[in-house]
Amino acid sequence: MISCNLLFFEKGEEEHMKDREGTPGDEFYTSSGAARFIEKSEGSVRMYAATGKLPCIRTSTGLRLFRRADLEKFVSEQRAERA
């Protein structure tokens, strides 16, 4: 987990985060952290992100960051589909 307050941004990237509803204090996960959180593989996380099922923020270096709130919503939707 990464706190938005601790992220280091390249020039202009912090403004990009604001556009994606990232606010100070938000918790972000990398692809591997998101995979552990939703109990799926990293490949599945990348696929969910690519298809829009799991929102992510891409940094200028290509790193995917997933908000904890989006991960929690994804998990609850997956559980509801199984029920």
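Every number in this text was worked out from the coordinates using simple rules, so none of it is lab data. As the structure is a computational prediction, the values presented were derived from the model and not from experiment. Don't worry about glycine lacking a Cβ; one is built from the backbone with ideal geometry, like all the others, and counts go over all protein chains shown.
With each label modelled as a point 7 angstrom along the Cα→C-beta vector, the E72-E39 pair spans 1.8 nm. Stretched out straight at 0.36 nm per residue, the stretch from E27 to E81 would grow longer than its current Cα-Cα span by 16.9 nm. Label separation (M47 vs S60): 3.3 nm, computed from points 7 Å beyond Cα along the C-beta direction.
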